[in-house]
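K.L.:
Got a structure here, written out as structure tokens. Questions coming.
The values are calculated or read from the model by the stated rules, or taken from the named source; none is laboratory data. As the structure is a computational prediction, the values presented were derived from the model and not from experiment. Please note: Cβ atoms are built from the backbone with ideal geometry, for glycine as well, and neighbour counts cover all protein chains shown. Keep in mind that these areas ignore ligands, DNA and RNA; they rest on the heavy atoms of the full protein, side chains included. Shrake-Rupley method; radii C 1.70, N 1.55, O 1.52, S 1.80 Å.
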Amino acid sequence: MTTAYHPGSLAVQDRLGVRQTAEHAGRSIGPGIRPVAAAFLEAQPMLVLGAADPAGRVWASLLTGRPGFTRATGPHTVSVAGGVPARDPLAAAVTEPGTPVGTLALDPRTRRRIRLNGTARPSARGFLVEAEQVFSNCPKYLQKRALYGFAEDLGPQTGAVRHGRALTPDQGRLVRAADTFFVATAAPDGVDASHRGGAPGFVELVSPTELRWLDYPGNAMFLTLGNLEADGRAGLLFLDWRTGTTLQLSGCAHTEYGPAGRAVRFRLDSVAETRGASPLRWSAPEYSPSNPPLH
């Protein structure tokens, strides 16, 4: 991650004729954690982590804690308390120094988000991330939610994990009702974690093993689509904001280009559902005014 973009992102930018816009947007990407970003990170009760498991499958995981569980310990280092829960597909991911990770701190209360990508290593507190790319994104497609509180005191969560290779009917209903999900992608230069949002129904359940969603206009960086161009591995995270249930999917994705726009098609090969995985309880959403209408 020595430059803002790798060849996969550059190829997508060239295909869509947005290289100049992307170069301008890329100036916001830097290796340092500024004081405003450090303060934001420390105020958050959740962090999305993207990484590959020991078998090479990419997952997106939700980490939670009292504000302060994630904090900058220097201009290029973030400490995450508690690590990854033992039940999570990424529990064995951050066990060696230099593990590529992508993280996303998102605050539904304010529609703010910061992405921080780099490498991780275990620590006495949990794990540390050495930042290589730090930047914020606009509030487009972010639904606003109030935090009601914590369902219980934080600590290692013990919810049973339901594994599978295809979505059950109940899991399919959670996907179809989602207004938000998180996506982790990988490429030769690292891992990225990002957000996707829209009106409920913006994620199409093509089959129990295949999902599809439109790629809405964004900042023209095309980090996610660029990673898919270069690698294809992806992990999705859906969250039931009311109950704390998480639905994690791992598989591969590719971008479809057509006259009406572009869409991402994702085929899963692994499913992990954990009821009550998150102790956070959120209100019903105030939908983003940027959400396109569904046709």
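K.L.:
Restricting to segment 47-72, name every residue that is assigned to a loop (DSSP other than H, G, I, E, B), of a type in the set (Lys, Arg) and farther than 22 Å from ALA151 by Cα.
P.N.:
If the condition is that a residue be assigned to a loop (DSSP other than H, G, I, E, B), of a type in the set (Lys, Arg) and farther than 22 Å from ALA151 by Cα, then ARG57 is the only one that fits.
K.L.:
Kindly provide the set of residues from segment 248-278 that are surrounded by 20 or more Cβ atoms within 10 Å (Cβ to Cβ) and over 22 Å from GLY8 (Cβ atoms), ordered by number.
P.N.:
GLN248, VAL271, ALA272, GLU273, THR274, ALA277, SER278
K.L.:
Let me ask you something else. On the basis of being under 20 Å from ALA184 (Cα atoms), in contact with a strand residue (DSSP E or B) (Cβ under 9 Å, 6 or more places away or on another chain) and open to solvent by 30 Å² or more (accessible area, probe 1.4 Å), does PRO31 make the cut?
P.N.:
Against the criterion (under 20 Å from ALA184 (Cα atoms), in contact with a strand residue (DSSP E or B) (Cβ under 9 Å, 6 or more places away or on another chain) and open to solvent by 30 Å² or more (accessible area, probe 1.4 Å)), PRO31 qualifies.
K.L.:
Test SER278 against the criterion of being under 17 Å from the mean Cα position of the chain (by Cα) and of a type in the set (S, T, N, Q), and give yes or no.
P.N.:
Criteria met by SER278.
K.L.:
Given LEU247, LEU225, LEU239, which one is in contact with an Asp or Glu (Cβ under 8 Å, 6 or more places away or on another chain) and over 25 Å from PRO188 (Cα atoms)?
P.N.:
After applying the criteria, what remains is LEU247.
K.L.:
Starting from residues that are touching a Lys or Arg at 6+ places or on another chain (Cβ under 6 Å) and in a strand (DSSP E or B), keep the ones in segment 279-295 and report whichever is most open to solvent (accessible area, probe 1.4 Å).
P.N.:
GLU286
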